[in-house]
Structure formats: structure tokens, C-alpha cells
Number of protein chains: 2
Amino acid sequence: MKIAICGLGTVGSGTFNVLARNGFDIAARAGMAIEVIRVASRRMNPACELGSTQFTTDIFAVASDPEVEVVVELLGGTTIAKELILKAIENGKHVVTANKALIAEHGGEIFELAARKGVTVAFEAAVAGGVPVIKALREGLAANRINWLAGIINGTGNFILTEMRDKGRAFEDVLKEAQALGYAEADPTFDVEGIDAAHKLTILASVAFGIPLQFKRAYTEGISAIAPEDVQYAEEFGYRIKHLGIARRLEHGVELRVHPTLVPETQLIAKVDGVMNAVMVDGDAVGPTLYYGAGAGAEATASAVVADLVDIARALRQGVAVGVPSLGHNPEHLNDLEVVPVEDVVSAYYLRILVQDHPGVLANVAQILSEHSINIESIVQKESEQHDGLIPMIMLTHRVHEKNMNHALAVIEALPDVVGKVTRIRVESFS
Amino acid sequence: MKIAICGLGTVGSGTFNVLARNGFDIAARAGMAIEVIRVASRRMNPACELGSTQFTTDIFAVASDPEVEVVVELLGGTTIAKELILKAIENGKHVVTANKALIAEHGGEIFELAARKGVTVAFEAAVAGGVPVIKALREGLAANRINWLAGIINGTGNFILTEMRDKGRAFEDVLKEAQALGYAEADPTFDVEGIDAAHKLTILASVAFGIPLQFKRAYTEGISAIAPEDVQYAEEFGYRIKHLGIARRLEHGVELRVHPTLVPETQLIAKVDGVMNAVMVDGDAVGPTLYYGAGAGAEATASAVVADLVDIARALRQGVAVGVPSLGHNPEHLNDLEVVPVEDVVSAYYLRILVQDHPGVLANVAQILSEHSINIESIVQKESEQHDGLIPMIMLTHRVHEKNMNHALAVIEALPDVVGKVTRIRVESFS
């Protein structure tokens, strides 16, 4: 099978190197050799030795090269990459991509063209790097009605939260280290504000529930507002704070949300630390399952790219395209479950309220919560004084509609003894 | 797609029920309805309502029924089940089975016939129940040279070890409870002596390394000799005792072994408790990954059976059989790596030596270990006296050839101050 790699950055060079190093084993599995006949990139990458492989800076040339059977798009971005992929499909080529933004935002259009042209567009590498979780959802769990999934799907964010917990460090401090280590970009917005995770969650949810890709409807909240004391108080209550992408099937719709979350420390996913990724998936037949591994890195991501290539080769060997639909469901069977607004989500909450240490404040706060049908599960008023007579009041609530919580917090924040905004973090126990 | 279910026990009825309940979603994924047209079993099962599905006690009739496209073998055992499967294949039918003993012991013969007849024999349900780990190894990680894998692949054993640790209970005591709960069979040998795990490990290793199935060469050691104090001492050293199946690729061969193992408590797999299963897989490109979920139970196992059926349906829709070879490698490319004898395995050890509390015993033991090139990592002599002046000496060693350890222990056990056999448990850190 003759392929072209477009983009020779981290993942592109990793893919080239894995195919070169493990070519013999990969051919034994795929039933044919996978040969890189073109590499197209703006510049060479010293991390890989191309040897006799033809190199070009003309990315679009490979999409019309009659010798190329599969175009591997590893450029990133949603403009040139999209144009390249559409052109390759138009020319009857299969496509493998690691581009989560492109699939989450334009996958519908791309898959539709691919279906018309009878070619495969594979994207295992777009979510959780080398962890084959798209395959698990689309094939391995095909018997199940998926109830919910929850994932640590951004390694940068998980590294930051892990360091904050292990060493009591502040967000900004760890972010700087992550940037120095190359875990975080110079502009970290995509990672720490949850946009990258929302792209991946959008893809996971579509495959899990058979709904169209709807990135714009995902609720997204980052981790930059998490304070070291929140990490510590969560711990005292028996929880870890993780930045999760959560998708849940309701009777009348689907929840799609990325936000910091308190998770009981006894849950396996609470113990996934550092840059590692993990996705929990709960199916009605199988129950809870979990998939764990490196979510980024040259060869981990290449592992998923090459797995997609092997799928295509195994199909080509039989003279067909890959028989698994892009979103796991045949297009005519995608359902129309609506993404519900975050105000309608039901969740438990962690609250940190900074108050003047006056008698009656606790009673006032409790009264307001009660009037909004919010039950308190536990409450701690810290004795240690901070900020001139201010003390933090920490509590966990039972599950409540987000709408009610919003109303209650508006009233609480207006109390004369309450200082500033209330910190609130959602709590999920996955039981 | 018209199928027959043979065997209506726990998994058979689970499969029938999942197909009935989720039939609409499954068809949306498979691209066609999966219809159970025959159920063959010695007796009916009140757990499922067959409705108009034709029931027969003649198991072999379905294997020659021209209407049946796929035979689902859920009888268990290696005699009638084998005969049924071979007959179904001879008649050009695809086969799905959950039968690990049969695949581990007779898979070679079965796959050979299936390849000749151009049909699929699928067995995802044979390992780790509903966790799609065969698919992960065979497809999702196809880019990798697999370095090693290690799994908690027997739920009964893990339940017993978890209870022993959480509650300080004795093996026999927990086993009785497991039997009462239905987690363990009346004859628990298969589970607690590691035979069931060795069947599953044999299958995992073949798919991972592309070697023929060699169940008879797997080293198998059970958990019935684990004492509550071993669990407790392991904990004091920062370890958990897990019953693991371990397969490791060496330059000149493959390790294949099932035994109790001390695992650092910081490892994710050490935290997999109760009846749950998990398999870690380390590939040269992807690094360590982990797959977790229910390893047994009616619907969890049915989840894997039905996933195999969906794979077959998606292929049939394109007019082909499933394009993935049974053991992940094309038969002509299976390699001839030998399973190495356990004496050649290199491992660290936990040792518990019961000694007379005389001066010089520790020095004697240390001297003997040193003479066999065994380095001690840490050692604890318990003060509390047991058994009339006897004290336990607990130690962790560095990695050493099993052969050396065997020789050293024979000498130590012959010391006049050493009482009885030395307890030894292998230690793996997976780093």
C-alpha cells in the first residue's frame, strides 16, 4: 500500500519512523507492506531520515498523485488541512488524520464526501493519542447503549493538576514549567481552557451516541481558575480534581461538557496522573470500562495513525474499503438527540465561599441553599484566618440542577458578609 | 445476518438478551439486523424469553442448518464445543466463541481450518469478558512491537486477593464466600490455581507476539498458598499482591507465566480491585497502555460476543469475511520465538523465611544469598514472636535468575535455624 505523509512535525516524523522501524511486523499484520512513497512538508525534520523517500514542499501535489493510495494528514489546523483532505477524497484516496480540531469542526462535511466517494477517513489519533478508544467505542463496544463517558483527554492539563496536587504548587507556576518542558504551547489557551479537550469530547460523544458532530454546543471551562487550596480541600473530602470531558446520554438529549471535576479518589480515573490520558466508558451491557495510555507524543500518536493504516490495508487486501462507518453508526441512522444547555445539567458541587467571620453567616448561606432545593452533604469552616478576618467556608452539595445553583449563588454573592465570587467546581462520582 | 446461539447458560442468555434489547442500535452500527434464528441448548433458561425463536436440544443440527450464517458457541468445555465448531466451519459458517480453554488448547487447528474455508473464528469474549483487549492488540496496537503485557485476567482470584487485603481475611475463608456469591465454582481449581488465567494469557501472548498458541508451555502458579501476613507485609513495603498473567518478549524467546506478584501500589494495575479485570500492554511506539472492565458476567461477556458479530456483519455487508487474521498476524508470518522455561526468568523476589530467633541467622541467610549473586533490597525482621520463638524474616531482593534463587533457597531451607519452606513471591515493577 502506497502512502504519502503530509506534515513532518512531531507526529509526522514519528509516523515515518515507526513505519520504518516496525515495517516487517506491520506487514505481517496488515498482509502487505505499507510504503511511504512521498513526504510533503514545508521543511525537513532532522528527527527522521527519509532515505530514498521522495520529499516535496508541495503538499497538494500528493493529493492528486495517482500513485498515492492513502494520504496521511498531519499538518494540523483547519484550513489547509481541510482543503488537502477534501482534495484527496475527491481523487479517491483514503485519508488518515490526527487532526481533532478539523474532525470536530468539519467532520460532518468530510465524512459525507468520503461516503459518496467510497473511501475511508480514519482518525483514531485524534483522541487520546495511542489509546485505541475510538476503535473501542466504534467496534469493541458496538453491542452497548453507551450511558456515559468521561475522559482525561488533555495531557497538559492533567500534568498541571497533578503537579498542583503533589507539590502544592500554583497553576501559573506549573504552567511555566510545562511550557519549558514542551508539554504546553507558548499560547496555552487550547489546552488549559479546555478547547482541545472539547474537540476530543465532541468526537467521542458522536461515536458513542451516534449523534452528529456538534463542537459549538459543547460547554467548555478551563482549569486556570483552580487554586491550590481547592486541590487541598478536595483532597480532605476524599476527592481529586481532574479536568474531564463528560458526555452523558439522557432520555431527551445529551450532555457535552468539559470542566474541572471533583472525582472520588477511589475511582481508577482519579489515579491517572501526569501527562497520561484515560477514558471511562459505561455501556448498558459491559458496565464501566477504562482505556489508559499516552495521549500525546511523537510515537504514541504515530501508533494510532499506523493502526488506521493497517485497518485500511487489511480492507484493501480484500478489495474493499474499511467497513466501519466514520461515526460508528451508518449515516442514515445518526440520531437527533439534542445537546442540552449546561443550565439543565444535574450535578453535585464543591463550593468555596470566602466570608467575614461573623455569627450567622453559615446559617444565612445554608438558608439560601435550602430555598433553592440544594442539600448540603458536608461543610467545613476553616479556622485559620486569611485576608483580615476572612475565612473560607467549604462545602459539598448533593445533586442539583445547575440553574438552581446559579440562582442560589447570585443571592449568596450579594450577602454583605460574602466576599468576591463563590468558587464552584462540579462533583461526579460515576456510580 | 442469521445466527444460532449454542448454549443457553449465563453468557448464552446474556447474548440473547443484549441482541433483543439493543437490536435497533446494533443494526444501526452493523448496517444490518442480527437475527437469532436458532437457540440450541440442553435446557431452556428462564433468564431469557425466546419468543418465536426456534429452540432445539440438537446442538449439531444448527451447524448444518443452511439458514444459519454464524454459529455462536457458548457451551464451554473442549470436546463437544470443538466438534461443533469444526463442523460449523466445515459447513462454511462463521464462528463466535467465548471459550478460552478451547482456543488456548486447540486454536491452532481451528484457525487453520477456518483459513482454508475462508470463514472467521472470533473470540474477543474469551479474554477479559467485555474489555476489547483482543481487538486492541490485534488492531489498535498493530503498529507496535509489543514488549510485554500483564493482566489481572481472573476475576475470582482478584476478588479473593482484594478481600484478603481489605479485611485481613484468610484465603479459605474468602473462597467460601466467593463460592456462596457465585463468583467461584464449586471446584475452584481452574480459577485459584491459575489455569483459567493461563488459558487467557496464552491467547493474549499469541496475538501480541505473533507466536503459535502454546498453553502447555505456560508456567502456572495459583494463589491458594498466599497467607494474610504476606498481603500485609507486601503492603508495608509499598506493594499489592495481584495474580497476574505476564508475557514478555525477550531477544531469544518469550516468557509466559501466571503467578501471584507484588506490584508497586503506585501502578494503576495495583488499584484494580474486586472482580474487575485489567490488562496492561507495553508497545515500543505507544508505551504502556491499560484496558479495564468486567471480566465476567452474563452481559459483559455478551458485549464482546456481540461485538464480534458486528465485525462479521460489517464484513458480510461488503461481501467479505473479517480481514483481520485470527492471531493478528498472517499465518505464514507467525514467528518461532520459544517460550523460555521459568528457571530462566529474571525477576525480583519477596521472601518470607521463618527462623529460630538465634543470633547469626540473618548473617547466614544473607551470606547464602550473596553467594548466589542475589542482592537484598530491603529486609525486615519482625519482633513479634510467633510459634514458640520463631520469627519471620521478610525481604525484597533485586532481580535475579529464577535458577539462582532456587539454588539459594534449597541451601537456606537446609539451615538448622530455618523452619519449613521459604515463601517466595515474584516482584514486578513494570518500569
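All of the numbers you see were taken from the coordinates with simple rules; none came from a lab. Computed from a prediction, not measured in an experiment: that's the story for all the values here. Counting neighbours? That spans all protein chains shown, and the Cβs are built from the backbone with ideal geometry, glycine included.
Taking amide H positions as placed 1.01 Å from N in the peptide plane, with prolines and chain starts having none, which residues 5 or more places from residue A:259, or on another chain, fall under 5 Å of its amide H?
A:221, A:244, A:246
What spacing in nm lies between the two simple spin-label points modelled at residue B:79 and residue A:250, each 7 Å away from Cα in the Cβ direction?
Distance between the two pseudo-spin positions: 5.7 nm.
Between residue A:217 and residue B:53, what FRET efficiency follows from the Cβ-Cβ distance if R0 is 35 Å, with the result rounded to 0.05? Don't skip to the answer; put the middle values down first.
On the way: r = 42 Å, r/R0 = 1.19.
Rounded to the nearest 0.05, the efficiency is 0.25.
Return the long-range amide H neighbours of residue B:96 (sequence gap of 5 or more, or a different chain), with a cut-off of under 5 Å between placed amide H atoms.
B:71, B:72, B:73, B:122
Going 7 Å from Cα along the Cα-Cβ axis for the label, what nanometre distances separate residue B:91 from the same residue across the other copies?
Its label point is 5.0 nm from the equivalent points in the other copies.
If I model chain A as equal point scatterers sitting on the Cα atoms and use the Debye formula, what is log10 I(q)/I(0) at q = 0.13 Å⁻¹?
Relative scattering, expressed as log10 I(q)/I(0), comes to -1.09.
If you place +1 on the Cβ of every Lys and Arg, -1 on the Cβ of every Asp and Glu, and leave all else neutral, what size is the dipole of region B:133-294 about its Cα centre, to the nearest 20 Debye?
So the dipole magnitude of region B:133-294 works out to roughly 680 debye.
Based on Cβ point charges of +1 for Lys and Arg and -1 for Asp and Glu, what charge dipole magnitude is obtained for chain A about its Cα centre, in debye rounded to the nearest 20?
Dipole magnitude for chain A comes out near 1220 debye.
Summing Lys, Arg as +1 and Asp, Glu as -1, what charge do residues with Cβ under 9 Å from the Cβ of residue A:245 carry, residue A:245 excluded?
Details: positive: A:200, A:257; negative: none.
In short, +2.
Considering amide H positions built from the backbone, and no H for Pro or chain starts, which residues 5 or more places from residue A:254, or on another chain, come under 5 Å of its amide H?
A:338, A:339, A:340
Could you give the Stokes-Einstein D for the protein assembly as shown in µm² per second, using the C-alpha Kirkwood radius, 4 °C, 1.567 mPa s?
Numbers: Rh = 28.8 Å.
Stokes-Einstein gives a translational diffusion coefficient of 45 µm²/s.
Simple spin-label model, 7 Å along Cα-to-Cβ: residue A:343 to residue B:229 in nm?
6.6 nm
In a Debye calculation with equal point scatterers on the alpha-carbon sites of region B:70-139 and no solvent, what is log10 I(q)/I(0) at q = 0.24 Å⁻¹?
Here the Debye-derived log intensity ratios amount to -1.08.
Please determine, in degrees from 0 to 90 and to the nearest 10, the orientation of helix A:155-167 with respect to the longest principal axis defined by the Cα atoms of chain A, where the helix direction is its Cα long axis.
The angle comes out near 40 degrees.
From the phi angles alone, apply the Karplus equation (6.51, -1.76, 1.60; θ = phi - 60°) to region B:137-150 and give each ³J(HN,Hα) in whole Hz, x where the residue is Gly or Pro.
5, 7, 10, x, 10, 4, 7, 9, 7, 6, 7, 7, 9, 8
What ³J(HN,Hα) values, in whole Hz, does the Karplus curve 6.51 cos²θ - 1.76 cosθ + 1.60 give for region B:407-418 when θ = phi - 60°, with x put for Gly and Pro?
4, 4, 5, 4, 5, 4, 5, 8, 5, x, 8, 9
How are the C-alpha pair distances of region B:345-427 spread across 10 Å bins, as whole percents from the shortest bin up?
Using 10 Å bins, I get a P(r) of 19, 57, 22, 2 for region B:345-427.
Can you figure out the FRET efficiency of residue B:116 with residue A:43, using R₀ = 51 Å and their beta-carbon distance, to the nearest 0.05?
Here the calculated transfer efficiency is 0.50.
Quick check on my link table: of B:100/B:216; A:242/B:135; A:100/A:135; B:2/B:135, which ones sit more than 20 Å apart, alpha carbon to alpha carbon? Please report the intermediate quantities before stating the final value.
On the way: B:100/B:216 14 Å; A:242/B:135 29 Å; A:100/A:135 15 Å; B:2/B:135 23 Å.
Violating the 20 Å Cα-Cα cut-off are A:242/B:135; B:2/B:135.
Helix A:361-371: angle to the longest alpha-carbon principal axis of chain A, degrees 0 to 90, nearest 10?
Tilt relative to chain A: about 60 degrees.
How many percent of all Cα-Cα pairs in region B:223-265 sit more than 16 Å apart?
Within region B:223-265, distances greater than 16 Å cover 46 percent of Cα pairs.
What does the charge add up to near residue A:380, with Lys and Arg as +1, Asp and Glu as -1, over the other residues with Cβ less than 11 Å from its Cβ? Don't skip to the answer; put the middle values down first.
Working: positive: A:352, A:382; negative: A:236, A:383.
Computed value for this residue: 0.
Against the globular-protein guess of 2.2 N^0.38 Å, express the Cα radius of gyration of region B:1-83 as a ratio, rounded to two decimals.
This ratio for region B:1-83 stands at 1.05.
When the helix-only estimate is applied to chain B (DSSP H runs of n ≥ 4, each -39,500 (n - 2.57), divided by the residue count), what is the mean residue ellipticity at 222 nm, nearest 500 deg cm²/dmol? Don't skip to the end; give the middle numbers.
Details: 13 runs with 149 residues, N = 431.
Value at 222 nm, helices only, nearest 500: -10500 deg cm²/dmol.
Can you tell me the Rg and Dmax of region B:125-226, counting just the alpha carbons, in angstroms?
Rg, Dmax (Cα atoms, Å): 15.3, 46.
Roughly how big is the protein assembly as shown's charge dipole about its Cα centre, with Cβ charges of +1 (Lys, Arg) and -1 (Asp, Glu), in debye to the nearest 20?
Approximately 2080 debye in magnitude.
Points 7 angstrom from Cα along the Cβ direction at residue A:166 and residue B:109: gap in nanometres?
Inter-label distance under the simple model: 5.2 nm.
For region B:391-400, just list the computed ³J(HN,Hα) in residue order, Karplus coefficients 6.51, -1.76 and 1.60, θ = phi - 60°, integers in Hz, with x standing in for Gly and Pro.
10, x, 10, 10, 8, 10, 10, 6, 6, 7
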